Each structure stands twice: as structure tokens, then as C-alpha cells.
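A.B. asks: Can you keep this structure in mind? I'll have questions shortly.
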Amino acid sequence: MTTIHRVATTPIAGQKPGTSGLRKKTAVFMGPHYLENFVQAIFDVVQAKGRTFVLGGDGRYFNDRAAQVILRMAAANGALRVIVGQGAILSTPAASHLIRLNQTDGGIILSASHNPGGPKEDWGIKFNMANGGPAPEAVTETMYQHTLSLAEYHMLDAQDVDLGRIGRHDLGGMIVEVVDPVRDYAALMETLFDFPAIRALFRGGFRMRMDSMCAVTGPYGVEILENRLGAPKGTCVNATPLPDFGGMHPDPNPTWAKALMDEMMGPDAPDFGAASDGDGDRNMVVGRGIYVSPSDSLAVLAANAHLAPGYAKGLQGVARSMPTSAAADRVADALGIGKFETPTGWKFFGNLLDAGRATICGEESFGTGSDHVREKDGLWAILLWLNILAVRKQSVADILADHWASYGRNYYSRHDFEAIETARAEAMFTALRTSLADLPGREVEGMTIRAADDFA
């Protein structure tokens with residue numbers, strides 16, 4: 001007979017989720033009661049009794065232990081069923097798809113996205129709603145307020161579930177359903193893209209390099225690109241998820257994916273290069289000898305999405321975050337569809353997607369996605385690029401040149417400041433904000449500033 005313990009606890013300061021859940025150093029989450037307090041707040045707010053959830057993550061250090069804790073707490077809180085990716089592995093877009101496919105009541109994703117993993121690095125957890133998208137601010141704020149008054153959490157006294165074995169397991173009367181983390185997601189991709197055309201592209205000698213940065217998309221890339229689409233073995237590199245991402249910083253940009261950039265700019269570069277991040281929601285695209293900025297990628301995908309079966313009827317609209325260049329706006333205007341600007345954070349695209357007003361969304365931080373799930377989706381963007389390349393039979397460089405000739409070219413710049421002392425960072429942003437009102441109309445290097453805003 002299993003026993004449920006009501007463990008006494010006290011509130012722990014600082015459990016306020018950000019734009020993508022709660023993220024702290026791994027050691028913080030491993031401290032006494034820290035993970036348990038936050039998970040109990042989730043289950044209390046969403047009223048876990050009788051509900052079904054999805055659970056999985058990016059494979060980073062501590063995910064395996066955290067998954068067992070969450071399962072025991074779910075059972076203790078009366079959950080009916082939890083669908084878990086084998087080995088507690090699920091990319092964020094795959095988790096979003098499983099929530100929607102199985103019509104669950106939400107899901108818990110264990111990831112700190114593109115942040116490094118390991119005992120001394122970062123860890124994260126977030127809750128996604130029944131629509132598959134990140135919990136909105138009203139919900140995360142309620143969870144945070146609940147952490148401030150938490151007095152106990154519920155824990156089932158039970159052995160670990162064998163998450164390596166696909167199938168159904170019983171945990172104190174709750175069903176734990178361990179599933180292949182790739183299968184359903186791969187099947188969804190086959191409904192959206194012209195797999196026969198992409199297979200023909202690879203049969204014709206097309207060369208690609210896919211760098212998963214020892215993170216979660218490795219198994220997805222191998223199954224879809226190599227096994228289903230016929231890309232040569234070895235097309236996918238760094239394809240085994242590791243707890244510390246092999247010491248890599250799994251952020252797909254020219255700085256952290258330097259090996260891929262060097263190969264793509266080299267004398268024997270493949271035709272197409274791509275990289276994805278820790279939890280599989282970001283992507284970087286590179287052509288032979290040419291880098292594709294995230295803002296240009298969004299615009300090109302919007303302009304050519306009709307070439308893929310899943311978008312053959314056209315788009316309802318295109319949405320972008322405020323820091324993203326207006327390149328996608330030009331495409332929307334030309335197509336006569338809606339264009340939208342949102343604050344930073346994928347959750348702000350959710351209402352537009354749910355209302356059917358936007359079909360494709362993107363942000364300059366290497367995130368792109370569509371209404372097929374409610375998260376940005378790195379591999380989706382890579383597959384749409386492959387679909388476009390297969391149909392148009394042009395290089396990445398030629399497609400970009402044609403795009404700029406048709407729509408014009410937008411330039412923008414992003415500046416990252418990492419590990420800056422909080423007071424200095426706040427002072428810099430205060431100075432920037434106070435200068436905004438004086439910028440419109442000012443001339444700089446022969447150009448006039450039209451507008452300056454803060455949409456953070």
C-alpha cells in the first residue's frame with residue numbers, strides 16, 4: 001500500500017517565473033524543498049486532482065531526478081494520468097504537440113532552454129496550458145503568489161518509475177504512460193511538409209549539416225532527417241543529448257555555434273546548415289557562405305510557406321516580437337494578410353494563434369513557429385526551409401537575393417549583455433528609456449530616426 005506524505009514546508013523567496021518559467025542555478029533547485037514547493041504551487045493552482053498532464057524536458061542535468069519527484073507529487077495530488085517522454089526526454093515543441101494531441105490539461109516542461117546545463121549551470125521548469133502554450137502571466141503570477149504562503153506539499157512514498165521502458169506503469173493508482181518522444185512529433189511534420197520532395201533533394205546529392213549541440217533535438221533530427229528523409233548518415237552531429245550538453249552552450253547563434261559557422265563558410269561547405277538549442281525551440285539557418293538572420297528567416301518563410309502542403313492555402317497573418325526587424329511586415333503587406341507586433345516572449349503570440357489571426361510567428365532571438373503547436377519550433381523552421389529549397393531548386397543565397405529584390409532589405413542590430421551587475425544594467429536601461437522621447441526626428445549618418453520605442 002502506498003503512503004502519501006504531507007511534508008511541512010515554508011515559503012521560499014524568489015520563485016517568480018519569468019517569460020519562460022522559473023530558472024535558477026541547478027544547485028538551487030536541488031536544495032531542500034525548492035523544487036517541491038514550486039511544483040506544489042503548480043498543482044494547487046491548476047487543481048491537479050483527476051487531471052492529465054504531459055511531462056518531459058531537454059535532458060539536462062537533474063531532469064531525471066526531478067521527473068521522478070514530479071511524478072510522485074502528481075500521484076499524491078490525485079492526478080489521473082501523466083504522459084512522459086521516454087527517459088524524461090521531450091523537446092518543448094513536441095511537448096506542446098502531445099498536450100494538444102492528447103487533449104491533456106497541460107504539461108510540465110523541464111528546461112532552461114538555451115542556457116548551459118550541469119551541476120553548476122542552469123535549470124528550469126515551466127507549465128504549459130491545455131492549448132499547448134506557456135502559461136500566461138495571470139496564471140504564473142497566481143502560482144508565484146501561492147509560493148509565498150505554501151505550508152506543505154504532497155509526496156507519494158513510492159519507488160522510481162522505469163522511464164526507460166515505453167508503456168503504461170502504475171504509480172499509486174495514477175497512470176504513467178511512457179511514450180516515444182519523437183514518434184508523434186515526426187508524424188505531425190509529415191503532414192505539414194512535402195517529404196517526397198525533400199527526399200528527392202537529398203537523393204540528388206544535397207548536403208546538409210544539422211548541429212543539435214548535444215541537446216534534445218538530436219534524436220528528432222536523426223529520425224526525421226536521416227531515417228525518414230534519407231539524409232546521409234552523419235548529417236546530424238552532436239546528436240546525443242547529454243546532461244551538460246557536452247560542455248556546449250546550446251544557443252544556436254554564430255557565437256556559440258561557431259563550428260557550424262566555420263564549416264558553412266569554408267571551402268567545402270555543405271549546401272545548408274542548421275542548429276537548434278537546448279530544448280529544441282530555437283533555430284539558426286546558414287547557407288553555403290551566407291548567414292541568415294532570424295528576422296530575414298521569418299520573412300522568407302512567410303513569403304514561401306505556401307510551397308509546403310500544410311500552408312498551401314496561405315497564411316492568415318504574421319506576428320513578430322518588437323525587437324524583430326520589420327522584414328516580415330513587408331511580406332504581410334504584399335500578401336494582404338495581417339501583421340502583428342508583440343512584446344518579447346512566445347506566450348504573447350498565443351492569443352493570435354488561438355484566434356486564427358496569425359499563422360506564422362517569429363522573434364529575433366532565433367525563434368520561429370506556426371499554429372501547428374503553441375511554442376516556437378526549431379526543427380519545424382529547418383524543415384520548412386528544406387521544403388522551400390526542394391521546391392524552388394535554388395541555393396539559400398539565391399533565395400535571399402530574390403527576396404530582398406522583391407521586398408527590400410531590413411537591417412537591425414541586437415546587443416547582448418551577459419553577466420552584468422544588476423545595478424549597472426538597470427542604470428543603462430534607465431538612461432536608454434529616458435532618451436527615447438528625444439530620438440525621433442534626429443539625423444544620424446544621413447538617416448532620420450522615425451520612431452524609438454520600448455516594448456519590453
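Derivation of every value follows stated rules applied to the coordinates shown; laboratory data play no part. Worth saying up front: this structure is predicted, and the values here are computed from it rather than measured. Quick reminder, even Gly has a Cβ in these numbers, built from the backbone with ideal geometry, and neighbours come from all protein chains shown.
A.B. asks: Using alpha carbons only, what's the Rg to Rh ratio of region 265-340 with Rh from Kirkwood?
C.D. replies: Across region 265-340, the Cα-based Rg/Rh ratio is 1.02.
A.B. asks: Just name one of THR19, ILE89, HIS169: the one whose Cα is farthest towards the positive end of the charge dipole of region 3-181 (beta-carbon charges, Lys/Arg +1, Asp/Glu -1).
C.D. replies: THR19
A.B. asks: Based on the Cα atoms of region 184-407, what semi-axes does the equivalent ellipsoid have, where each is the square root of 5 times one gyration tensor eigenvalue, given in whole Å with the largest first? List each step's numbers first, then the result.
C.D. replies: Values: eigenvalues 126, 74, 60 Å².
Output for region 184-407: semi-axes of 25, 19, 17 Å.
A.B. asks: I would also like to ask the following. Please compute the volume of the convex hull spanned by the alpha-carbon atoms of region 282-400 and report it per residue in Å³.
C.D. replies: Details: hull volume 10.6 nm³, N = 119.
Each residue corresponds to 89 Å³ of Cα convex hull volume.
A.B. asks: Students often forget the sequence filter, so: which lysines lie under 26 Å Cα-Cα from LYS233 once same-chain residues fewer than 8 apart are removed?
C.D. replies: Straight-line reach from LYS233, under 26 Å: LYS258, LYS393.
A.B. asks: I've got another one for you. If you rank CYS214, CYS361 by fewest surrounding Cβ atoms within 10 Å, what's the result?
C.D. replies: On the way: CYS214 22, CYS361 29.
The order, fewest Cβ neighbours first, is CYS214, CYS361.
A.B. asks: Something else about it: Show me 419-430, 91-102 ranked by packing, highest mean number of other Cβ atoms within 10 Å first. Let's see the in-between values first.
C.D. replies: Numbers: 419-430: 9.8, 91-102: 26.3.
Descending mean neighbour count gives 91-102, 419-430.
A.B. asks: Over the alpha-carbon set of region 339-456, work out the extent along each principal axis and list the three values in angstrom, largest first.
C.D. replies: 49, 36, 31
A.B. asks: I've got another one for you. Spelling out what I want: for every residue of region 441-451, take phi, set θ = phi - 60°, compute 6.51 cos²θ - 1.76 cosθ + 1.60 (Karplus), and round to whole Hz; glycine and proline get x.
C.D. replies: x, 6, 9, 9, 6, x, 10, 9, 6, 8, 7
A.B. asks: State the Kirkwood hydrodynamic radius of region 204-308 in Å, one decimal place, computed from all pairs of distinct Cα atoms. The partial results should precede the final answer.
C.D. replies: Working: mean 1/r = 0.0713 Å⁻¹.
Final number for the Kirkwood radius of region 204-308 is 14.0 Å.
A.B. asks: Here's another thing I want to ask about it. Please get the size of the charge dipole for region 184-407, origin at its Cα centre, with Cβ charges of +1 on Lys and Arg and -1 on Asp and Glu, quoted in debye to the nearest 20.
C.D. replies: Values: 19 positive and 27 negative charges, 109 e Å.
It works out to roughly 520 debye.
A.B. asks: For GLY278, list long-range residues whose amide hydrogen, built 1.01 Å from N in the peptide plane, is under 5 Å from its own amide hydrogen.
C.D. replies: Answer set, sorted by chain and number: HIS114.
A.B. asks: Show me, for region 196-202, the HN-Hα J-couplings you get by feeding each phi into the Karplus relation (A = 6.51, B = -1.76, C = 1.60, θ = phi - 60°), rounded to Hz, glycine and proline as x.
C.D. replies: Working through the residues one at a time gives x, 5, 6, 4, 5, 4, 5 Hz.
A.B. asks: For the chain, just run the numbers: alpha carbon Rg, then divide by 2.2 N^0.38 Å, N being how many residues it has. Each step should come with its number before you reach the end.
C.D. replies: Values: Rg = 22.3 Å, N = 456, 2.2 N^0.38 = 22.5 Å.
Ratio of Rg to 2.2 N^0.38 Å for the chain: 0.99.
A.B. asks: If one computes the Cα centroid of region 34-102 and of region 275-301, what distance in Å separates the two points?
C.D. replies: What the calculation gives is 30 Å, centre to centre.
A.B. asks: Size of the dipole of region 155-227 about the Cα centre, Lys and Arg at +1 and Asp and Glu at -1 on the beta carbon, nothing else charged, in debye to 20? Show your work: numbers first, answer last.
C.D. replies: Details: 7 positive and 12 negative charges, 110 e Å.
The dipole of region 155-227 has a size of about 520 debye.
A.B. asks: Rounded to whole Å and sorted largest first, list the principal axis extents of the Cα atoms in region 138-279.
C.D. replies: Computed over the Cα atoms, the extents are 62, 34, 31 Å.
A.B. asks: In terms of modelled amide H atoms, which long-range or inter-chain residues lie less than 5 Å from the amide H of THR342?
C.D. replies: Sorted by chain and number, the residues that satisfy this are ARG320, SER321, MET322.
A.B. asks: Counting only residues 5 or more places away or on other chains, whose amide H sits under 5 Å from the amide H of ARG209 once H atoms are built in the peptide plane?
C.D. replies: Residues meeting the criterion, in which the H sits 1.01 Å from N, are PHE272, GLY273, ALA274.
A.B. asks: While we're looking at this one, here's another question. Can you report the principal axis dimensions of region 3-181 using only the alpha carbons, biggest first, rounded to whole angstrom?
C.D. replies: Each principal axis gives a Cα extent; for region 3-181 these are 39, 37, 31 Å.
A.B. asks: If you don't mind, another one. Expressed as a whole number of Å, what is the distance separating the alpha-carbon centroids of region 1-24 and region 305-354?
C.D. replies: Between the Cα centre of region 305-354 and that of region 1-24, the gap is 36 Å.
A.B. asks: Mind listing which trypsin sites (Lys or Arg not before Pro) in region 133-202 are in a DSSP loop and have 11 or fewer other Cβ atoms within 10 Å? Show your work: numbers first, answer last.
C.D. replies: Values: sites: ARG165, ARG168, ARG183, ARG199; in loops: ARG165.
Those that pass, being in a loop and sparsely packed, are ARG165.
A.B. asks: At a Förster radius of 45 Å, what calculated FRET efficiency corresponds to the Cβ-Cβ distance of THR142 and ASN227, to the nearest 0.05? Don't skip to the answer; put the middle values down first.
C.D. replies: On the way: r = 43 Å, r/R0 = 0.95.
With R0 = 45 Å, the Cβ-Cβ based efficiency is 0.55.
A.B. asks: Region 159-205 to region 373-403: how many Å between their Cα centroids?
C.D. replies: Region 159-205 and region 373-403 have Cα centres separated by 23 Å.
A.B. asks: Taking θ as phi - 60°, what are the ³J(HN,Hα) couplings along region 335-352 by the Karplus curve (6.51, -1.76, 1.60), each to the nearest whole Hz, with x for Gly and Pro?
C.D. replies: Result, ordered by residue: 7, x, 10, x, 10, 9, 10, 10, x, 5, x, 4, 4, 6, 7, x, 5, 5 Hz.
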